[in-house]
1. Being assigned by TED's automatic domain parsing to the domain that holds Leu127 and either polar (S, T, N, Q) or over 26 Å from Val166 (Cα atoms) (or both) is true for just one of Thr80, Thr95. Which residue is that?
2. Here is a list of conditions, (1) touching a Leu at 6+ places or on another chain (Cβ under 6 Å); (2) part of a loop (DSSP other than H, G, I, E, B); (3) more than 19 Å from Val93 (Cβ to Cβ), and Phe131 meets all of them except one; can you say which number that is?
3. Cβ contacts < 7 Å: first residue in contact (Cβ under 8 Å) with a residue 60 or more places away in the chain, restricted to the range 189-217; second residue part of a loop (DSSP other than H, G, I, E, B) and among the charged types (D, E, K, R), any location; separation 6+ or different chain. Result?
4. Have a look at Ile8, Ile15 and point out the one that is under 20 Å from Glu190 (Cα atoms), crowded, with 20+ Cβ neighbours inside 10 Å, in contact with a Phe, Trp or Tyr (Cβ under 8 Å, 6 or more places away or on another chain) and β-branched (Val, Ile, Thr).
5. Can you work out which of the residues in the range 38-60 that are out of contact with any helix residue (DSSP H, G or I) (no Cβ under 9 Å at 6 or more places or on another chain) and in a helix (DSSP H, G or I) is modelled with the lowest pLDDT?
6. Pick out the one residue from Val166, Val185 that is free of Cβ contacts under 8 Å to residues at least 40 places away in the same chain, of a type outside the set (Ser, Thr, Tyr) and surrounded by 15 or more Cβ atoms within 10 Å (Cβ to Cβ).
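The values are calculated or read from the model by the stated rules, or taken from the named source; none is laboratory data. Worth saying up front: this structure is predicted, and the values here are computed from it rather than measured. Cβ atoms come from the backbone with ideal geometry, glycine included; neighbour counts cover every protein chain shown.
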Amino acid sequence: MNSIKAVIYDMDGVIINSEPLWREALIHCFNQVGFDFSQDKCRITQGMRLMEVVEYWYAQQPWKEKSLEEVEQAILRKVTELILEKGEAMEGVYTSINYFQSKGYKIALASSSANSLINAVLNKLELTQEFEVINSAEHLSFGKPHPEIFIKTAQQLNIKPVDCLVIEDSFHGVLAGKAALMKVVAIPEEENHNNPKFSIANYNLKSLKELETIDFD
């Protein structure tokens, strides 16, 4: 049996409570180009890279006011502004990182968000020194649910994928972790705690605080 040697955190919705702020930014910016956006639409593309989110919704309902890149940059500016203004760490982030470090696990971050947003979040939460590897899918060939970002992160940690544990909140992220042959902890938003689609994860938790109760080895 493989034992865990590294833990890879997602960022949005895992270390920072930013999913509601992402929804606020998306609704605001899409509405500005005449697209009647909603909370439910936000959840369809949760966990995807921002460029893919914009492309997905443009294909559903094209707009003329701004280019796709302009909309993407507007959303990134808005969500960064919101996170810096009122973003808060998810409950249990600091204690879970300390717990895994005490067990000798390597710690990494692998996010679909842009590098600029990752840096803003880590600075705000004072976590810049806690991760041995920090990766964004921004410039990779594929975003989640493709496993590329997790495979790349494992390579940089010099750890086999099967010896890695991924912590995710989105279904796209869970799929990516499983596709990378890693063990996956799913901690979805409260409304999805009993959603059967998350049963594909190895562990389904309600909070990072529960991590210390599980023997991952």
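1. So the residue among Thr80, Thr95 that is assigned by TED's automatic domain parsing to the domain that holds Leu127 and either polar (S, T, N, Q) or over 26 Å from Val166 (Cα atoms) (or both) is Thr95.
2. (3)
3. Cβ pairs passing all conditions: Glu189/Asp169; Ser207/Glu91; Leu208/Glu91; Lys209/Glu91.
4. Just a single option satisfies the conditions, and that option is Ile15.
5. The selected residue is Asp40.
6. Of Val166, Val185, the one residue that is free of Cβ contacts under 8 Å to residues at least 40 places away in the same chain, of a type outside the set (Ser, Thr, Tyr) and surrounded by 15 or more Cβ atoms within 10 Å (Cβ to Cβ) is Val185.
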